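No lab work stands behind these numbers, since they all come straight from the coordinates. Computed from a predicted structure; not experimentally measured. Counting neighbours? That spans all protein chains shown, and the Cβs are built from the backbone with ideal geometry, glycine included.
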Amino acid sequence: MSEPMPLFEVFVRSKRGLEHRHVGSLRAQDAEMAMQYAREIYTRRQEGVSLWVVRSGDIVASQEEDAAAFFDPADDKPYRQATYYDLPEGVKNL
Amino acid sequence: MSLLSAVVGLADDALVLGHRLSEWCGKAPFLEEDLAMANTALDLLGRARLLYGHAEKLGGSNEDEYAFLRDAPDFTNLLIYELPASDFATAYARQLLIDVFDELYFDALQGSQDDTLAGIAAKSYKEAVYHVRHSSAWLLRLGDGTDESHARMQQALEDVWGYHLELFENPSADVSLVANGALPDRAVLKAAWSERVRELVERATLTVPAGNWSVAGGRTGVHTEHLGFLLAEMQHLPRTYPGVNW
Amino acid sequence: MAEIQVDVQARRFQERIDAEVRIEPKDWMPDAYRKTLIRQISQHAHSEIIGMQPEGGWITRAPSLRRKLILLSKVQDEGGHGLYLYSAAETLGASRASMIDALHSGRAKYSSIFNYPALTWADIGAIGWLVDSAAIVNQVPLQRCSFGPYARAMVRICKEESFHQRQGYEIMYTLATGSADQKAMAQDALNRWWWPSLMMFGPSDADSAHSSQSMAWKIKRFSNDELRQKFIDQAVPQADILGLEVPDTELAWDEQTQHYRYGAIDWDEFNRVVRGDGPCNRQRLAEHKRVHEAGAWVREAVVAYDRKHQDQSDV
């Protein structure tokens, strides 16, 4: 009995000018196989013009327990949003 | 008339191989590969429909009459396409030999004087380039995998090898079509094919079969017995209920 | 201390669910939620994969080239959907290999509908029309399931499956408006697939083992009976257009409720098939095992090749 093939995450660029988006995963033994199967599985309906595959184990993800420390401090900085500022009546192109 | 029969021959090749690959649906060694084999089958069956469609415009029958209402001697596919392959190594040994041929053949056919054929060839060429990539990956992984997979792949190559020479024969009916540029000369593709296949087989740590046997006859309707069984399964419904729409 | 901690987490978890915030794989979740999802998603995946068998057997026998292409691409889609679903379950820590093992040992189930045989070409029409319609009625609300990966897989699956039921209905329509033999074939298929399709929604709400907790967790959003009713209300007028008769003498439109009333479902048969005595249970599982074992040497070769070529494989 051999061990299962590793998981890869698949990212597809749906058309030129757009970013690659995560679409799902698959199992393959190596990068070349993963790329071929990404094409076979995730672009059957003309979903993409470019593919990325990356070993799931190689992704470094932020941890749920860090979420409060990581993301909440951004919630008191409304001055980073354009809507924070008062503009005089009639001013244009701002 | 002879362009028509040449187009039907190419269509039969695609149909019979597409059918063989479609037998793998749900039966591949793992799910990802199952989808891959079905994609190749869909490419081939789609190609068969385009070619039968062209044949109909050239004065032939429609695609379903070709597929479902002819008996084995009227099919003109080459024998290598119809061989059964319920073993994964056999499926990919055959596939590799054909995919490498297709890449060369459809590349050349893109220059056909027949515009429709050139168009179908352009589409088929792109498909073949990908098919070679996939089947050569399997040749490599099975040839250079375990002792068992190596032995199976070597045996599979030996088993299909004698059917490959027919790919490079120009049927006598095609000679004038080759001369006037409607069809590529199959014979001249052999050197490039042999070189490419030798290189891939050796990279996979396998041995090119000795090649001291050869079987042919498909273009004149002299098939292996396997085709009859394939047709019996494929045709039974339209033949049981003739003359209706599905 | 630890228990209080779990209580706090459990409360926060349920608050998130109640607020329609999606749960993602790395979030804390109750063990029972995780287990329920693994059971449901893997069962859903197995159903897609086992479901390839009855239709797959007709790919080589499809009666026209157009039908052959459509059917092959549909059955291939089912393989893809199985794959998306296995992937979703894997985010919860269940490996695909362990799920397949659970299927083979009988610990995991798949939808009982696939234990019925596809005997004629009309069955391919009936499966696409009825079985896929029932599946879609089930799956549409699952797109809003509380577990993110499952919901996202369902979005993709629902989008891809939109052609599945149409191709089935088109087959049925062609047969129903064709020769007398074809029409009889279509009616026969409807007769055999109608009741099993109704059973796809599972036991009546009164007898459903997992329903209320799944509703609270927003894994499930409608009850079995609600979904079944929705399916019937859709399918009956479709059968009328085909000119075929739904095999239920008690079927009648109820003006008051604005729904169809339908006859009693034979739950004894349902339980018999679930327990393993449907026409094809043994065949389906044996075939899945056979294919899995026949491919073992290929999977081993892939691993062996990779070991030899570790250095070059990551380009």
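Using the C-alpha gyration tensor of the stretch B:1-54, what are the square roots of 5 times its eigenvalues, in whole angstrom, with the largest one first? It would help to have the intermediate numbers written out before the result.
Details: eigenvalues 149, 15, 6 Å².
Computed over the stretch B:1-54, the values are 27, 9, 6 Å.
Listed here are the pairs C:K74/C:K183; C:K74/C:K109; C:K183/C:K220; A:K15/C:K218; which of them are more than 29 Å apart at the Cα? Flagged as over cut-off: C:K183/C:K220; A:K15/C:K218.
Mind checking Rg over Rh on chain B, alpha carbons, Kirkwood formula for Rh?
On the way: Rg = 17.5 Å, Rh = 18.4 Å.
Dividing the radius of gyration by the Kirkwood radius yields 0.95.
Across the alpha-carbon set of the protein assembly as shown, the Rg to Rh ratio works out to 1.01, Rh being the Kirkwood radius. On the beta carbon distance between C:R261 and C:Q213, with R0 = 30 Å, the FRET formula returns roughly 0.50.
Between the stretch C:230-280 and the stretch C:68-131, the C-alpha centres lie 23 angstrom from each other. Among C:K289, C:K218, C:K109, which one shows the highest mean-square fluctuation when chain C is modelled as a Gaussian network with alpha-carbon springs under 10 Å? Maximum fluctuation in the GNM of chain C, among the listed residues, is at C:K289. Whole-percent P(r), the stretch B:102-238, all Cα pairs, 10 Å bins from 0: 11, 30, 35, 21, 3.
If you take the square roots of the eigenvalues of the alpha-carbon gyration tensor of chain A and sort them as a ≥ b ≥ c, do you get rounded (a/c under 1.5), prolate (a/b over b/c) or oblate? Oblate, since a/c reaches 1.5 and b/c is not below a/b.
In chain C, the DSSP-assigned H stretches of four residues or longer account for a calculated mean residue ellipticity at 222 nm of -21000 deg cm²/dmol, using -39500 (n - 2.57) per stretch and the full residue count as denominator.
Shown for C:E269, B:E166, C:E55, C:E250: other C-beta atoms within 10 Å of each C-beta, ranked fewest to most, produce the order C:E250, C:E269, B:E166, C:E55.
Considering all different alpha carbon pairs of the stretch C:59-150, the Kirkwood hydrodynamic radius works out to 15.4 Å.
In chain B, helices alone account for a calculated mean residue ellipticity at 222 nm of -21000 deg cm²/dmol, with every DSSP H run of four or more residues adding -39,500 (n - 2.57).
For the stretch B:1-105, the percent of C-alpha pairs falling in each 10 Å distance bin, counted from 0 to the bin holding the largest distance, reads 15, 47, 29, 8, 0.
Close Lys pairs in the stretch B:3-240 (alpha-carbon distance under 26 Å; sequence gap of 8 or more, or different chains): 4. Charged neighbours of C:L244, selected by a Cβ distance under 12 Å, balance to -2 (K, R count +1; D, E count -1). Taking the fewest neighbouring Cβ atoms within 10 Å as the starting point, the ordered list for B:L157, A:L94 is A:L94, B:L157.
Label-to-label distance for A:E89 and C:A32 is 6.2 nm, based on points extended 7 Å past Cα in the beta-carbon direction. Using the Cα coordinates of the stretch B:79-135, the gyration tensor eigenvalues translate into equivalent-ellipsoid semi-axes of 25, 11, 8 Å, sorted from longest to shortest. Please state the shape class of chain C: rounded when a/c is under 1.5, otherwise prolate if a/b exceeds b/c and oblate if not, all from the C-alpha gyration tensor. Oblate. Helix B:147-161 and the long axis of chain B differ in direction by around 30°, with both axes built from C-alpha atoms.
Extending 7 Å from Cα along the Cβ direction at C:D181 and again at B:A216 yields two label points whose distance is 4.1 nm. In chain A, the calculated helix contribution to ellipticity at 222 nm averages -5000 deg cm²/dmol per residue, counting -39,500 (n - 2.57) for every DSSP H run with n ≥ 4.
On a per residue basis, the convex hull of the C-alpha atoms belonging to the stretch C:1-109 measures out at 119 Å³.
Using Cβ contacts closer than 10 Å as the measure, can you line up B:E103, C:E300 from fewest to most?
Details: B:E103 24, C:E300 17.
Ordered from fewest to most neighbouring Cβ atoms within 10 Å, B:E103, C:E300 come out as C:E300, B:E103.
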